[in-house]
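Trainee: Dumping the structure here so I can ask a few things about it.
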Number of protein chains: 2
Amino acid sequence: GLTGVLFMVFIPPLLYFSFIPTMVNVMNEIQHFNHVTPVDNCYCFLCRSFTRLPHLAGTEQNLKYAEQIMKEWQDFGLDSVEMVPYDVLLSYPNKSRPNYISIVDANGNEVFNTSLAEPVPEGYEDVSDIVPPYSAFSARGQPKGDLVYVNYGRTEDFFQLQRQMEIDVTGKIVIVRYGKIFRGNKVKNAMLAGAKGIIMFSDPADYCADGVQPYPDGWNLPGGGAQRGNVLNLNGAGDPLTPGYPAKEYTYRYSFEDGVGLPSIPVHPIGYHDAIHLLKNMGGKTPPNNWKGALNVSYRIGPGFIDDFKSHAVRMNIHTINQVTRIYNVIGKIRGALEPDRYVILGGHRDAWVFGGIDPMSGAAVVHETVRSAGRLISKGWRPRRTIIFASWDAEEFGLQGSTEWAEDNAKLLQDRAVAYINADSAIEGMYTLRVDCSPSLHTLVYNITKQIASPEEGEEGMSLYEKTEFLMMISKLGSGSDFEAYFIRLGIAAGRARYTKNKKTERYSSYPVYHSVYETFEIVEKFYDPSFRRLQAVAQVRGGLIFSLADSLLLPLDANQYADSLRKYAQSIAHVGQMHPEEMQMYQVSFDSLFSAVENFTIAARGFHERLETPLQVRLVNDQLMYLERGFIDPLGLPGRPFYRHVIFAPSSHNKYAGESFPGIYDALFDIENSVEPQRAWREVKRQISIAAFTVHSAAMTLTPPA
Amino acid sequence: GLTGVLFMVFIPPLLYFSFIPTMVNVMNEIQHFNHVTPVDNCYCFLCRSFTRLPHLAGTEQNLKYAEQIMKEWQDFGLDSVEMVPYDVLLSYPNKSRPNYISIVDANGNEVFNTSLAEPVPEGYEDVSDIVPPYSAFSARGQPKGDLVYVNYGRTEDFFQLQRQMEIDVTGKIVIVRYGKIFRGNKVKNAMLAGAKGIIMFSDPADYCADGVQPYPDGWNLPGGGAQRGNVLNLNGAGDPLTPGYPAKEYTYRYSFEDGVGLPSIPVHPIGYHDAIHLLKNMGGKTPPNNWKGALNVSYRIGPGFIDDFKSHAVRMNIHTINQVTRIYNVIGKIRGALEPDRYVILGGHRDAWVFGGIDPMSGAAVVHETVRSAGRLISKGWRPRRTIIFASWDAEEFGLQGSTEWAEDNAKLLQDRAVAYINADSAIEGMYTLRVDCSPSLHTLVYNITKQIASPEEGEEGMSLYEKTEFLMMISKLGSGSDFEAYFIRLGIAAGRARYTKNKKTERYSSYPVYHSVYETFEIVEKFYDPSFRRLQAVAQVRGGLIFSLADSLLLPLDANQYADSLRKYAQSIAHVGQMHPEEMQMYQVSFDSLFSAVENFTIAARGFHERLETPLQVRLVNDQLMYLERGFIDPLGLPGRPFYRHVIFAPSSHNKYAGESFPGIYDALFDIENSVEPQRAWREVKRQISIAAFTVHSAAMTLTPPA
């Protein structure tokens, strides 16, 4: 039937796939791993103990959890476990001066104030230290003024507002709905447009699924809930005060004014019960239909307030404090038996905005159980070929800081020795299918592993994840928004992430509804997301399977042919963007030929490399070629204006950190080029970026040719 | 006797020196190599054929020599030899409009013109295509004005002129003598001071040795000779139009205006016979004694002309043309038997300003003969453990372009695989002793090799180079000015150079007198510098010995302990510079403690590393640690304003490219800090640089610790 056809399409042709003898071995490992892993109760175990209390980065409770994890990893039998501290810039609300937004009348009286906290869910009423919703790293201030609604606050939304509707937001306060893009990009766009403050709200259109009740009766966001989150534009810098270097005690720190990516305007998040009050009084034009959310008020695109309220204004009251704070990573290691100087890394964060029932503890549980499984294998005499490193990162929520500082601290070693990095953030954000984002070199391994793992869904017994997900299992490119960033985008280490997700086609809400709210509890997972914990088990098997096969295969299970396929696809895609300007392409003599030629050259090198693998070989030599393939795409000069984004093929989108962009240098040069003030200069930059991309692909191809 | 004592002092303590078993093997190799190498006639052979005709980079003759070298290397038996072209920016005089300098009277008449060419030496009268003395990459123009003498044109000379003598050179033409620093730095200083042109002359005080006749009766510079040379400030960029990327056909090129390091003012070199005419008429004050050269005229420090000549002015007439030109490297390889993916590189340039009798052919001969020797060994069944790469670079004289473009082209491979780079520029620049500049990690190997090689000096039979040179054999740090730069300073590959040199204490002239003049002939070497060719043989044995032992030793002959010693020495030295400002150090809370602590940590790691070598070990693993040690000092962010100088411990001095500076980031931050306009900001930068240095040393230390 259809499944069979799709299956055949998805199996890479044999010529392209030279790992078969090795993969048998890999699969044995995974089966072995699955056998000893008590994944079915891991989540219960971990969440019962690690989601009881809020454990925000930089707090005592998060340090206590770190100590507990360290102790347990030691008990599980790792060769070494250490606590690695850094002193980074974090951001907290001022406990004595709460953040809120008010509507003030002509006399300056506050006629409406937004809520200071979310209603606490049942069972957690006695918990202290729940941080109220806030935008970490917001500037302090009390700007007052008219409000302008700008949809999702995306680049295109601001373009539409300014160019088509001809509304100027200079000196205004902007209100946008959450969703579609990373919130830091919304803030940056508001700043660039000249706004003096930005409010972000969760609209039910984006944070409620159809036919689902708000928590605790269902898994939708209640009207009193709001999304916390940092609003930095770090572009991979890690700690804002120590870009490029680990935030150790002796490290030089920039002043707050010179810190990387800190917004210069106040920012605040609100829920939809509060948002109604701001939106219902807004004046101005009626927005286009696609700007309208689901709140039962007439969206307007301001500025000003309507009718009786013309004399009213909105005031933001933001007193959030930035401070250098100690954070703690936990790093555990199993020494490789034969290649101790080759590292396979499994890392996920531990810090949570509140309880972290989904984000991050559903992922941290996977790391914890993988450590436990590895410990059991070791106690039975097993030892992996390569060194495995496990990491419990801190301060991910504040800009991937724990993982980035450790990457900076260990950059030399990682550059020389790291084989792959697998990320373990939230393991479940939906109830439909597995989702994997990874380097193209990992595609084949992902296919092979998911073929060995059973679907966790009822009624799909005997079906593998691979079959179950078929086309639905979107393997796509890595963006950012989690701790793999420094490893993949800065250092060029093959990386991947896997989690259970929703059906993107039918479920149109953003992320998962209670994302970064107080309602991310253990109970929401236990009651709704994964009552049997079988979905989490499946994710654990994928992540663990990747780690164990990368650490133990004689030949590294990385596939250069898949990279060639992806490069061709992305080259065609970016050329298509350029070719939307055929006249300019001709006028400025811009051609993508050199890029296609480089991709062709890479394709030939990759095919030759894998063909040679079928004859007797020097394993270390070809493994090094495979390991360094991803490094071949790194340009130490970085992307324009983003010195820490150094991967020429992939970067987080300049317009949405969550999304990955392929050939980002060319893409950004082409972006909005039709409105360029200096088209000649702009097209020269396109040519320069094509040249850099072509060189980089050639350069990576060279790493695959015989070494001498 | 004394020699014995010195010998003992120089032998590194046993604890510090773990290579003894390996070195025996290395020494066998070198003896073997010496045995089969006909070094004593190589120079005759090579120079007879390769110094007959001018072979400037970008000319047909230099391509012909490249083809000849390629063919001979193939015949010698290398596994592969290829010609690698790049299209880079070169610079030539305009053949129809010669460059010269004139004194013009009030009516604009040229009352004196400098010579258009050097008198051609005997035997070469019929040779065409001798390029006249010029400053490559000079701006075009005919500036006219008063002349100001600024000694050597060093930073301190301009400081003295402007601050103490209070003479402003804005809009003036500057005249400086050659020597002490790289000419490009003189030009940069003149530009920064606001001069509109700069003339450089060779003063007999700097280009004539006492009691030596001008060529052809001796080896001094004749009065009609002048020094060619490029006047770029590339800071390691290679081709000025393609910084960071190889200058291939498809590569994007900056416009000339945006090119890296191109001077904006006319520049021209003259000899001392011409210089007299400009200097003897100068007005202004009498300069300090140490500004006076040896010309029989009264040096003045202008501006203006004296007495009857007040109405006169100097006019530069410069018509030099920059053009993108194809250059050719020749790259030959011997595939390593056991580690084909580990590269040991011997490279030297082929292009010459004219005949290249010393620079570069005395070095190119060494490369050629090393290839011949290797070929003979191969024909006898030998094959090195690691791959050896031989390079004949082009366009070194135009800014190290051939070597830098190839380094850019192969950066990924070199970063992962290069063990060491040995440079082979001019093998002889004096008649006194061996001189070696290298990475500290190569010190021990240099000691051991030089102990095995006989002194070439008459009356020193039975004495080794090591004994002969004793303390005189200065092993010092690498600056720049030759092709090792991109390998060592940008990529962090352990590098070294060796040549025969003068007695620095007693011979005070700059470089060697005929440097970059038409008088660098085969005959000057044969008659004066090395009539027996035994000095050249000794240099060949050192360079070849380094290559063969690096390529063939089981354990890499690199010494981390020596690096530790050097780091300590350099840390003390830079701290001493800072401590010249004790009050500011206290006021701004600047401390070198973190740097000393990092050096201590490195020292412990290095000692532990070498101690562990004495027990059974995984050779590949420790060799990789040794190979990557130098890479550990690389910061991809580069030094401030010098993105391609990425080695945190060593860089060419910002004030003299020829000289090496240790801890260059800190040094530059401290330079002239007492005159800083914003001392607080300046001292913050000192702190930042100390922090970066401390981190980098820690980071390098980590590469030496057990990997897991």
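Trainee: Considering only the label points, 7 Å along Cα→Cβ from Cα, what distances in nm to one decimal separate B:K64 from the same position in each other copy, shortest first?
Mentor: 8.6
Trainee: What is the distance in Å between the Cα centres of segment B:645-708 and segment A:232-253?
Mentor: 18 Å
Trainee: Same structure, new question: For A:F112 and B:M580, what is the calculated FRET efficiency with R₀ set at 45 Å and r taken between the beta-carbons, to the nearest 0.05?
Mentor: 0.10
Trainee: Okay, moving on. Mind ranking B:104-114, A:350-360 by how tightly packed they are, going by the mean number of other C-beta atoms within 10 angstrom, highest first?
Mentor: Final packing ranking: A:350-360, B:104-114.
Trainee: Moving on to the next point. Report, in whole Å, the centroid distance computed from the Cα atoms of segment A:52-106 and segment B:46-65.
Mentor: 69 Å
Trainee: How tilted is helix B:20-36 with respect to the longest principal axis of chain B? Cα atoms for both, answer in degrees (0 to 90, nearest 10).
Mentor: 60 degrees
Trainee: Which parts of segment A:411-447, residue by residue, lose 40 Å² or more of accessible area when the rest of the protein chains are there, as against the chain isolated (1.4 Å probe)?
Mentor: A:K412, A:L413, A:D416, A:R417
Trainee: Summarise the accessible area of the protein assembly as shown (1.4 Å probe, protein heavy atoms) by the percent that is carbon and sulfur.
Mentor: Carbon with sulfur: 50 percent of the solvent-accessible area.
Trainee: Right, another one. Please work out how much length the chain gains when fully extended from A:Q61 to A:Q589, using 0.36 nm per residue of separation minus the C-alpha to C-alpha distance, in nm with one decimal.
Mentor: That pair, A:Q61 and A:Q589, stretches by 184.1 nm at full extension.
Trainee: Okay, next question. To test your reading of the geometry: what angle, between 0 and 90 degrees and rounded to tens, separates the Cα axis of helix A:39-50 from the longest principal axis of chain A?
Mentor: That works out to roughly 40 degrees.
Trainee: Residue of A with Cβ nearest the axis relating A to B, plus distance in whole Å?
Mentor: So the closest residue, with its distance, comes out as A:P636, 2.
Trainee: Same structure, new question: Using protein heavy atoms only (no ligands, DNA or RNA), what is the total accessible area buried between A and B, 1.4 Å probe, nearest 100 Å²?
Mentor: 4800 Å²
Trainee: With the cut-off at 19 Å, tell me which of the pairs A:K64/A:K380; A:K412/B:K569; A:K477/A:K504 have Cα atoms farther apart than that.
Mentor: A:K64/A:K380; A:K412/B:K569
Trainee: Just to be sure I understand: of the beta bridges DSSP finds with both ends in the protein assembly as shown, what percent are antiparallel, rounded to 5?
Mentor: Of the beta bridges lying entirely in the protein assembly as shown, close to 55 percent run antiparallel.
Trainee: Sticking with this structure for a sec: Run the numbers on segment A:665-708: which residues show a drop of 50 Å² or more in accessible area, chain on its own versus all protein chains together, using a 1.4 Å probe over heavy atoms?
Mentor: Flagged in segment A:665-708: A:R684, A:R688, A:S691, A:F695, A:M702, A:P707, A:A708.
Trainee: Would you rank B:F633, B:F596 by solvent-accessible area, highest first, keeping every protein chain in place and using a 1.4 Å probe?
Mentor: B:F596, B:F633
Trainee: Over segment B:579-708, what is the relative contact order in percent, taking alpha-carbon pairs closer than 8 angstrom and at least six residues apart?
Mentor: Rounded, it is 37 percent for segment B:579-708.
Trainee: A further question on this structure: Under 17 Å between C-alpha atoms is the cut-off here; go through segment B:99-318 and count lysine pairs that meet it, provided they're at least eight residues apart or on different chains.
Mentor: Here the count comes out as 15.
Trainee: Same structure again: I'd like to compare A:139-145, A:501-507: which one has the highest average count of other Cβ atoms within 10 Å, and what's the full order after that?
Mentor: Descending mean neighbour count gives A:139-145, A:501-507.
Trainee: Where does the charge balance sit around B:A337 when Lys and Arg score +1, Asp and Glu -1, over other residues with C-beta under 9 Å from its C-beta?
Mentor: Taking every other residue near B:A337 into account, the sum is +3.
Trainee: Put a point 7 Å out from Cα along the line to Cβ at A:L192; what are the distances to that point in the other copies, in nm, shortest first?
Mentor: Reported distances to equivalent positions: 3.7 nm.
Trainee: Sort segment B:366-439 into rounded, prolate or oblate with this rule: let a ≥ b ≥ c be the square roots of the eigenvalues of the Cα gyration tensor; rounded if a/c is under 1.5, and if a/c is not under 1.5, prolate when a/b is larger than b/c, oblate otherwise.
Mentor: Because a/c hits 1.5 or more and a/b fails to exceed b/c, segment B:366-439 counts as oblate.
Trainee: On to the next question. Nearest 0.05, what FRET efficiency do B:S676 and A:K569 give at R0 = 56 Å with Cβ-Cβ as r?
Mentor: 0.55
Trainee: Quick one: compute the contact order of segment B:161-249, relative version, from alpha carbon pairs under 8 angstrom and 6+ residues apart, as a percent.
Mentor: Contact order relative to length: 25 percent.
Trainee: Okay, moving on. Ordered shortest first, which distances in nm separate the 7 Å Cα→C-beta label point of B:R163 from those of the other copies?
Mentor: In nanometres, ordered from closest: 5.4.
Trainee: I'd like the orientation of helix B:534-552 relative to chain B: the angle between its Cα long axis and the longest Cα principal axis, in ° from 0 to 90, rounded to 10.
Mentor: 50 degrees
Trainee: Mind checking A:593-599 for the average number of partner chain beta-carbons within 10 Å of each residue's beta-carbon?
Mentor: 1
Trainee: Please state the shape class of the protein assembly as shown: rounded when a/c is under 1.5, otherwise prolate if a/b exceeds b/c and oblate if not, all from the C-alpha gyration tensor.
Mentor: prolate
Trainee: Quick one: accessible surface of A:M587, probe radius 1.4 Å, all protein chains present, in square angstrom to the nearest 10.
Mentor: 130 Å²
Trainee: Just to confirm, what accessible area per residue do you get for the protein assembly as shown at 1.4 Å probe, in whole Å²?
Mentor: Accessible area per residue, the protein assembly as shown: 34 Å².
Trainee: Would you work out the relative contact order for segment A:99-318, in percent, from Cα pairs under 8 angstrom that are 6 or more residues apart?
Mentor: Value for segment A:99-318: 31 percent.
Trainee: Right, next: Can you sort A:H312, B:H610 by solvent-accessible area, 1.4 Å probe, largest first?
Mentor: Largest to smallest exposure gives the sequence A:H312, B:H610.
Trainee: Residues of segment A:621-649 losing 50 Å² or more of accessible surface, assembly versus chain alone, probe 1.4 Å, please list them.
Mentor: Residues meeting the cut-off: A:Y628, A:P636, A:L637.
The values are calculated or read from the model by the stated rules, or taken from the named source; none is laboratory data. A quick note: this is a predicted structure, and the numbers were derived from the prediction, not measured. Quick reminder, even Gly has a Cβ in these numbers, built from the backbone with ideal geometry, and neighbours come from all protein chains shown. Areas reflect the complete protein model, heavy atoms only, side chains present, ligands, DNA and RNA absent. Shrake-Rupley method; radii C 1.70, N 1.55, O 1.52, S 1.80 Å.
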